[in-house]
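Working notes, structure below.
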Amino acid sequence: MDSHHEDSIHGSTIPFVNKFQDYLGEFVYGGIDGSVTTFAVVAGAAGAPLESSVVIILGFANLFADGFAMSVGSYLSTKSVKENYQKHQKIEYWEVDNIPEKEKEEIRDIYRAKGFEGQILDEIVKTITADRDRWVDVMMKEELLMSEESKSPWAMGGVTFLSFLLFGFIPLLVFVLNYFGILEDSEDLFLYSSVLTGLVFILIGYLKAIVNATKVLRSILETFLLGAAAAGLAYWVGDFLEKLIV
């Protein structure tokens, strides 16, 4: 098997690539939320219809406010998971230090339930409890079913925010170009934005399939259709309100 194929299965040997893979899930879901919500704003404004300057104001307000809110949520969620793990870890350390016999018996019960017995079971218990850190680690995983979160809360929030901005800006691109005179005024601005956003949905659907190890076509169609449904609803609401109010 060649090294390139091995990298695709087991992960790259390049640290930066491995780090990116660790946060790919946050990158994808930040991108989904950014592109869908911003395009929904654009669709609602197009349904009204509103001028490019208004679309830009509403779009960027949504882009930064929602992006920041989502990144804060990602940061707090990850931080909460880490703190919860550390809290239970401290409890396990206290129990190992203060009631070791009870904790040894729990280790014995855990591995007896796995089918070990006799001398082998005794050796397993002896080996695990010989090292305090290993002992606590086993208790965390086997008794509490908890694994330590290795991802940084700051990185989680940052990746989410950057992805939200990156993908969320795409639906606004043609309106920005139009505002600065790079793209001429046209009734097709919303169409151009829709095409670009559709391509973003396809890309995100592909990345989502990689993250979730699901079928690529199904993931692309799911992302595309959900994004289109959100945009369609926003367009209809904008059109309805424009007729009702104006």
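Within the listed set TRP154, TRP94, TRP236, the Gaussian network model of the chain (springs between alpha-carbon atoms below 10 Å) gives the highest mean-square fluctuation for TRP94. Taking segment 87-143 as the region of interest, the number of lysine pairs whose Cα atoms are within less than 21 Å, with members eight or more places apart or on different chains, is 15. With the simple spin-label model, which puts each label point 7 Å out from Cα in the Cβ direction, the GLU117 to VAL195 separation comes to 7.2 nm. Residues considered: THR223, THR129, THR38. Largest GNM mean-square fluctuation over the chain, using C-alpha springs under 10 Å, is found at THR129. For the chain, the pair-distance distribution built from all alpha carbon pairs, in bins 10 Å wide starting at 0, is 7, 22, 22, 18, 14, 9, 6, 2, 0 percent. Comparing GLY181, GLY47, GLY232 in a Gaussian network model of the chain where C-alpha atoms under 10 Å apart are linked, the largest mean-square fluctuation is found at GLY181. Using a simple spin-label model with pseudo-atoms 7 Å out from Cα toward Cβ, SER53 and LEU144 lie 5.8 nm apart.
FYI, it's all coordinate maths here, none of it is from the lab. Note that the structure is a prediction, hence the values are computed from the model and not measured. Virtual Cβ from ideal backbone geometry, glycine too; neighbours counted across all protein chains shown.
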